[in-house]
Structures are given as structure tokens and as C-alpha cells.
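Below: the structure, in C-alpha cells.
The values are calculated or read from the model by the stated rules, or taken from the named source; none is laboratory data. Keep in mind it's a predicted model, so treat the numbers as computed, not measured. As a convention, Cβ positions derive from the backbone with ideal geometry for all residues, glycine included, and neighbour counts pool all protein chains shown.
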Amino acid sequence: MRFWQLFVRNLKETYRDPLALGFLLAFPLLFTVVFGASLSGNGTPSYNVDFLAPGIIVLSLLIMIPTAVRLLARDKEKGYLARLLTTPTRPWEFILGYTLFMLLVAVAQIIFFMVLAQILGVHINGNIGLVFLVFLLTAIASIGMGMLVASFSKSKNQAEPLTWLFTMLLAWFSGVWFSISFMPRYIQTIVNIFPYAHAVSAAHEILIRGVDIAAVQSDILFLGGWAAGATALGIFFFARTMRS
Amino acid sequence: MTDTEKAPATAVESPRQPDPTLAVQTFGLSKIFGNLVAVDGINLGIKKGELFALLGPNGAGKTTTISMLCCLLKPTGGTASIMGHDITREPYEVKKLIGVSPQETTLSEHLNPLENLELIANLHGISSAKAKKWSKLMLETMGLEERARDQVRKFSGGMKRRLSIAMALIHDPQVLVLDEPTLGLDPQARRTVWEYVARLKGEKTILLTTHYMEEADSLADRIGIIDGGKVVALGSSFDLKTSGLDKHTMIIKGWNITQNAVMNLQRRYSDIKIEGGTILITDRHLEFSDVVSRLHSEGISLRSVYFKEPTLEDVFIRITGKELRE
């Protein structure tokens with residue numbers, strides 16, 4: 001069970017690292033508190049904490065991209081991965097050890113922010129399981145993208161800031177803070193290529209408007225496609241770096 | 001080993017028949033990155049139980065060679081075998097037999113030393129109970145037991161390096177690979193690492209890379225000098241220093257060295273230098289008794305007279321025409 005040993009190691013490396021924990025929890029939490037507080041007044045009914053909750057959760061899942069890059073690129077750059085590769089561990093065991101860990105972080109984040117949303121007074125009307133599926137597929141897509149970036153990055157210092165920039169831009173244009181319907185059509189077209197606007201929209205529909213799976217079927221299929229594609233590419237290229 | 005072998009200058013395809021007396025054997029091992037020939041057809045044989053040092057300047061091809069032997073890089077040409085297993089065809093068999101301490105002290109910084117050791121042991125397929133027991137023993141051996149519960153990010157460079165070597169040894173490998181084990185350490189920490197490595201001599205086959213001459217000189221049974229991706233000389237430290245040495249240098253220190261005394265010496269020896277109160281004579285046929293009697297006849301009272309020991313640095317300069325910088 002080598003993958004399990006790697007999973008445990010990654011878990012310990014992260015929860016003992018204040019910086020990693022800060023990125024994973026404190027950063028999205030800060031956004032939640034700031035936006036929650038600023039919208040707690042008599043704002044317009046269409047732009048309140050209910051509107052923002054799905055976006056904030058998607059933001060935390062977007063942060064899984066730099067998180068994955070940070071973990072993988074750091075181990076790769078520092079030569080730790082090379083050290084592990086001198087043991088008889090197989091590439092699939094490495095990949096499973098890392099992805100399982102990131103998946104656990106993503107699930108923990110989804111649960112944490114959904115509970116927080118409830119505490120902050122978000123009215124959850126829809127199917128929790130369905131919205132969980134939307135978030136999970138989004139998280140898997142983020143992990144896959146993170147692996148892909150880490151496969152091509154030479155160093156953590158080079159990869160991490162670029163990924164943060166990309167993530168923040170994506171967050172801005174994916175309807176995390178305001179509806180993408182305000183944006184010009186060409187931006188909407190670009191944004192819709194990525195999974196996050198679909199995730200925000202589907203989560204909003206399910207959580208707040210209480211729609212069923214049929215209404216968000218196309219979004220879920222799109223997210224599923226992204227999750228499968230990004231993971232397959234991430235695994236392929238990351239495994240390739242291990243067989244240099 | 002009585003004679004120093006001059007390694008072939010070009011890649012030579014030797015028969016790929018593993019020799020059972022050798023722990024590590026390379027057959028025209030090469031690695032090319034783009035236009036750069038990092039390793040150029042190395043043919044080496046390291047005996048079982050031998051401590052072999054690959055000595056060379058930065059960028060000579062030491063780490064690339066090691067990376068290929070550890071199955072981290074695929075050779076562009078040739079191959080190698082570790083305890084009879086081919087590195088390209090049986091990488092997982094090779095990985096079971098080797099323990100590697102990389103050049104950079106790569107540890108899991110937020111884990112404590114026990115957790116670091118146990119992880120590597122587990123990845124080598126050792127059961128959890130055994131891994132725990134062996135890790136404790138290994139920490140004691142390396143003198144780190146008092147820091148067993150501290151995260152390794154708080155460790156000094158020397159402690160990290162000792163832990164790194166312990167991680168390479170945790171599964172009791174047959175071949176230990178130490179890539180620049182004392183790089184960046186202060187002299188005291190370096191000596192401590194040397195003591196640990198010296199203790200392992202004879203127990204394990206050890207392949208060590210270094211660009212510190214002193215390290216290769218004091219630890220290795222045999223040394224391979226590598227430059228520009230080629231092994232340019234091979235032999236024991238003594239063999240390397242003495243073979244091809246056609247001139248000797250004598251260092252003379254006296255209380256009252258006079259011009260006449262120097263002129264007397266110059267009648268027989270042409271290459272004489274005077275530095276302060278010291279005379280340096282370099283010659284093909286230096287005779288101790290002749291030098292001493294010439295100086296005595298001039299009434300010089302001598303403080304010391306000795307032959308200068310050749311160093312590996314001298315050997316390196318003689319072979320490559322370059323200095324081996326630390």
C-alpha cells in the first residue's frame with residue numbers, strides 16, 4: 001500500500017504547514033467573511049450572500065489548482081520526488097498517493113464551506129448530493145489542471161505565481177463574485193470553455209433555486225468531461241515526467 | 001590494484017556480460033542532452049564491498065551518471081548493471097538493491113526524522129512494525145535520537161545530511177549511492193559524515209561522487225577521475241598520485257640559507273625556487289642525501305627537509321590540464 005503511505009505523508013506535510021493551510025482554508029474564508037459582511041446590509045435581493053455562496057465554494061475549488069501545483073512542483077523541484085523514485089514505487093502509486101490526498105482536501109473544503117454557508121444564513125433549497133457532485137467534479141478538474149501545470153513546470157517559484165494569476169483571473173471572469181451575464185459576449189464565450197462558470201451556475205441553480213438534475217444536466221456533463229479530460233492529461237504528463 | 005588504468009577516451013561498446021564479482025558495471029554508458037554530451041561512453045566496474053569515488057569538477061557528469069545508475073534517467077547509449085540487473089530492463093529490481101542519498105538534501109520538511117525514515121522503508125516494501133524498529137535503530141546510529149520528534153525543517157545542514165544517508169540505508173541496500181554527501185557542510189559536519197561513511201566501508205558497496213579531493217582521498221578504495229563526461233583516470237589514491245609522476249619536489253627549510261648554498265644546489269638541480277626561508281627543488285632524480293650533504297657543506301643548519309606529497313589536485317591538473325576547484 002505504497003500509495004497510502006504517500007497519501008499520509010502529503011496529508012502531514014500540508015496540515016503541518018501553516019502556509020499551505022492558509023491557502024487552502026484561510027484565503028477562501030477571508031473572501032467569505034469580507035463578502036458576507038459587506039453584503040449583510042440592505043443590499044439588492046438579487047446580490048446577496050445566497051448569490052455569493054456557490055461562487056465562494058467554487059473559488060476554494062479553483063484554489064486547488066495552485067495547491068496541486070505547489071505540492072507537486074515543490075516535491076519535483078526540491079528533488080524529493082526523485083528520491084522517492086529511487087524506491088521501487090510505481091508511477092501509478094505516486095499519482096494515486098497525490099491525487100487521493102488532493103481529493104480529500106477538496107471534499108473537506110466543500111463540506112467546510114457548505115457548513116459555513118449554512119451558518120452564514122444561506123438558504124439551501126436544493127439537493128445537497130447533487131450540488132456536492134457539481135463541486136466534486138469541479139475539484140477533480142482543478143486537480144487535473146494542477147497536475148498538468150506541475151508536469152511542465154521547472155520550479156515551484158516559476159509555476160506558483162503564474163498559476164495564482166491564472167486562477168484569480170479565472171475566478172474573476174467565472175461569475176464567482178458577479179454574474180457573467182454582465183460581461184461582453186466574447187468574454188462569456190472564453191469563460192464558458194472553462195468549467196468554473198458552469199459550476200457556479202449549476203450550484204446556484206441547485207442550491208438556491210432548488211432545480212433537479214435535468215435542469216443542470218448539460219453543466220454536469222460538461223464538468224464531468226473536464227474532470228475526466230484534465231485528470232487523464234494530468235496523469236499522462238505527470239507520469240511521463242517520472243519516466244525521464 | 002597496482003597499476004593505474006587510463007580509461008578509454010571514447011565510448012567503447014564492451015561486451016554486456018555482467019561480471020559476478022562486480023556490484024556496479026557500466027557498458028559505454030552515455031547521456032546526451034540536446035547538443036551537450038553529459039556522459040560520454042563510461043566503462044566502469046565497481047567491486048562488491050568497494051568504496052568507489054567518482055571525483056570531478058561541477059558539471060563533469062557525476063550526477064548524470066549516478067542518475068542513470070539509479071534509474072532516474074534513461075541512458076542515451078550503453079547501459080549498466082547493478083548486482084547483475086540491467087538498469088534499463090530491470091529498473092525495479094535495481095531500485096530494490098540500491099540506497100540513494102541525493103546531492104540535494106531532499107527530505108519531507110514537515111515530517112520528523114522517524115516519519116521520514118519509515119516512509120522510505122515502507123516504500124521499499126518493509127512492514128510497518130519492522131520499519132518503526134529499524135528507523136529507531138538507524139536514528140541512534142546516526143546520533144539523531146534526541147531529535148526524533150522534531151520536524152526536520154528545524155535541523156542543521158549536517159543533521160539533514162546524516163538523516164539523508166540514514167534514509168538511503170534504511171532498507172539495508174547492497175549498493176549505497178552517495179551523491180556529494182558533504183556538499184555545503186562546514187568542516188566539522190563534513191568530518192562527522194566521513195566517520196559514518198568510513199564505518200560502512202567493507203559492509204556495503206559504496207559509490208560516492210565528490211568534488212572534494214580530500215573526501216575521495218581519505219575514504220575511497222579506488223577513485224575514478226571524471227571530466228567532460230569521461231573517466232580520464234582510474235585507480236587507488238596512491239596509484240593515481242604516483243603513476244606518471246616523473247618529477248619530485250623537495251622542500252627545505254633552514255635557519256641561515258645563503259646565496260652560496262643555493263648556487264651549490266643549482267650545480268646539480270636546475271629547477272630551484274626560493275620562497276622566504278624555504279627552498280623548493282623539483283627534479284627527475286632528486287637525492288635526499290645529496291641535497292642534505294650539499295647544504296651541510298655550506299654550513300647551513302636545517303630545520304626540515306622533506307619530499308612534497310603529490311595530491312589528487314596535482315593528478316587532476318596533470319591529466320586534464322585544469323584545476324579541480326572546490
Scanning the stretch A:161-191 residue by residue, the ones that are part of a loop (DSSP other than H, G, I, E, B) and under 17 Å from A:Pro54 (Cα atoms) total 6
Count of residues meeting criterion [acidic (Asp, Glu) and either modelled with pLDDT of 90 or more or crowded, with 17+ Cβ neighbours inside 10 Å (or both)] in the stretch A:190-244: 2
May I ask you to verify whether B:Glu145 is modelled with pLDDT under 95, under 24 Å from B:Ala198 (Cβ atoms), surrounded by fewer than 23 Cβ atoms within 10 Å (Cβ to Cβ) and under 22 Å from the mean Cα position of the chain (by Cα)? no
Is there any pair linking a residue in the stretch A:68-93 that is facing another protein chain (nearest Cβ under 9 Å) and under 15 Å from A:Asn10 (Cα atoms) to one that is of a type in the set (Asp, Glu) and crowded, with 21+ Cβ neighbours inside 10 Å, with Cβ under 6 Å and at least six apart or on different chains, and which? A:Leu81/A:Asp75
Contacts under 9 angstrom Cβ, first residue in the stretch A:215-241 being of a type in the set (A, V, I, L, M, F, W, C), partner loosely packed, with under 14 Cβ neighbours inside 10 Å, 6 or more apart: A:Ala215/A:Arg209; A:Ile220/A:Ile213; A:Ile235/A:Trp92; A:Phe237/A:Phe152; A:Ala239/A:Trp92
Considering only residues that are among the hydroxyl-bearing types (Ser, Thr, Tyr) and under 23 Å from A:Glu93 (Cα atoms), look in the stretch B:77-99 and name the one that is nearest to the other protein chains (Cβ to nearest Cβ). B:Tyr92
Failed item in (1) more than 10 Å from chain B (Cβ to nearest Cβ); (2) at pLDDT below 85, with A:Leu59 passing the rest: (2)
Free of Cβ contacts under 8 Å to residues at least 60 places away in the same chain, more than 29 Å from B:Lys48 (Cα to Cα) and in contact with a Ser or Thr (Cβ under 6 Å, 6 or more places away or on another chain): is that true of B:Asp271 in this structure? yes
Residues being at the interface with another protein chain (Cβ under 8 Å from one of its Cβ atoms) and either in contact with a strand residue (DSSP E or B) (Cβ under 7 Å, 6 or more places away or on another chain) or closer than 13 Å to A:Asp75 by Cβ (or both): count how many of those fall in the stretch B:100-123. 11
Kindly state which strands (runs of 3 or more DSSP E) lie completely within the stretch B:168-257 and contain at least 2 residues that are closer than 25 Å to B:Ile281 by Cβ. B:248-254
